[in-house]
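> Here it is, the structure in full.
Every number here is computed from the coordinates shown, using simple stated rules; none is lab data. Note that this is a predicted model, so its numbers are computed, not measured. Because the Cβ atoms are built from the backbone with ideal geometry, glycine has one as well, and the counts that use them run over all protein chains shown.
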């Protein structure tokens, strides 16, 4: 049981980190680096998508983290 909890904690850390990276990269590409680098339309669209999807990934990672912590603290309920 504790091995599965460890796997879910690792998954949550990966999702949280990836979500933050995607959000920051999306903001940089969508709003900050557009004019200086002359980014194409496809890159701008992808950056805006990352700005929307990144926070969703963060939320999913956080919920998985909370579930793993709950399972670790209350093993009788799982």
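> Under a GNM of the chain (C-alpha, springs under 10 Å), which listed residue has the highest mean-square fluctuation: 67, 30, 42?
42
> Okay, next question. Let's test the formula: R0 of 22 Å, r as the Cβ-Cβ distance of residue 77 and residue 2. What FRET efficiency results, to the nearest 0.05?
Numbers: r = 15 Å, r/R0 = 0.68.
That gives a FRET efficiency of 0.90.
> Could you work out how far helix 41-73 tilts from the main Cα principal axis of the chain, as a 0 to 90 degree angle to the nearest 10?
The angle comes out near 10 degrees.
> Using the Kirkwood formula over every pair of different C-alpha atoms, what hydrodynamic radius in Å results for the chain? Display every interim value, and only then the final one.
Values: mean 1/r = 0.0724 Å⁻¹.
When all Cα pairs of the chain are included, the Kirkwood radius is 13.8 Å.
> Could you give the length gained on full extension between residue 62 and residue 17, defined as 0.36 nm per residue of separation minus the Cα-Cα distance, in nm?
Working: separation 45, 0.36 × 45 = 16.20 nm, distance 1.05 nm.
Difference between extended and current length: 15.1 nm.
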